[in-house]
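Read the structure below first, then the notes.
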Amino acid sequence: FIDPPAGVSPKDVYAFDCETVEIKPEALTTTCADFGIAVWKIKWSTWGADGAEGSGEFAANDCDPSCAEGSYLKVPVKVVLSDVSTNGRDYFFNTATIYPSKVADQGSPAIGKDGIAYFTNSAKVGGREVVAEIWDIGADFRGNPDMRMDLP
């Protein structure tokens with residue numbers, strides 16, 4: 001990852017979402033086949049090469065009795081994008097740190113009806129430790145250069 005130079009335009013900064021790259025995506029996931037675990041309805045408050053912050057709704061499908069009929073654990077969250085890389089022209093965020101919006105929920109994992117725990121990692125945000133999901137949103141793109149598509 002790099003420290004981007006000063007003056008990078010926000011319109012040259014992208015986030016990965018499965019096989020697409022977008023500026024200010026409205027959703028992020030690491031379960032590309034079915035979006036069974038995702039952050040939806042993201043509204044970005046800041047966006048630039050030095051980082052991005054927004055808020056949205058974390059949703060995880062319990063797939064009970066099937067994924068098509070499952071119910072969702074939903075948690076209001078904050079999203080922080082970081083760890084920039086470049087192709088020499090454009091800049092890409094590689095890490096999404098997702099943590100509960102409510103301070104009361106930031107100290108312990110969220111447990112779905114299926115018993116699966118979410119927000120089991122720890123992250124330092126704004127000088128304090130919070131429970132978080134930490135997603136490497138750029139792994140597929142970095143690991144498979146053949147899937148690279150044209151930028152918007």
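Which one is modelled with the lowest pLDDT among residues in region 107-140 that are acidic (D, E) and either open to solvent by less than 60 Å² (accessible area, probe 1.4 Å) or farther than 26 Å from S71 by Cα (or both)? Filtering first and then ranking leaves D140.
Taking the criterion of being open to solvent by 20 Å² or more (accessible area, probe 1.4 Å), under 28 Å from A6 (Cβ atoms) and either in contact with a strand residue (DSSP E or B) (Cβ under 7 Å, 6 or more places away or on another chain) or part of a strand (DSSP E or B) (or both), would at least one residue in region 49-66 satisfy it? Checking region 49-66: at least one residue is open to solvent by 20 Å² or more (accessible area, probe 1.4 Å), under 28 Å from A6 (Cβ atoms) and either in contact with a strand residue (DSSP E or B) (Cβ under 7 Å, 6 or more places away or on another chain) or part of a strand (DSSP E or B) (or both). Taken over region 15-36, the residue count meeting the criterion of being at pLDDT below 95 and either touching a Ser or Thr at 6+ places or on another chain (Cβ under 9 Å) or closer than 14 Å to E57 by Cβ (or both) is 5. Somewhere in region 73-83, is a residue surrounded by fewer than 17 Cβ atoms within 10 Å (Cβ to Cβ) and modelled with pLDDT under 95? No: region 73-83 contains no residue that is surrounded by fewer than 17 Cβ atoms within 10 Å (Cβ to Cβ) and modelled with pLDDT under 95. Tally the residues that are within 23 Å of P76 (Cβ to Cβ) and either open to solvent by less than 20 Å² (accessible area, probe 1.4 Å) or not polar (S, T, N, Q) (or both), restricting the search to region 19-48. Qualifying residue count, region 19-48: 19.
The values are calculated or read from the model by the stated rules, or taken from the named source; none is laboratory data. None of these values were measured; they are calculated from a predicted model. Because the Cβ atoms are built from the backbone with ideal geometry, glycine has one as well, and the counts that use them run over all protein chains shown. Protein only, heavy atoms only, side chains kept; ligands, DNA and RNA dropped before computing areas. Shrake-Rupley method; radii C 1.70, N 1.55, O 1.52, S 1.80 Å.
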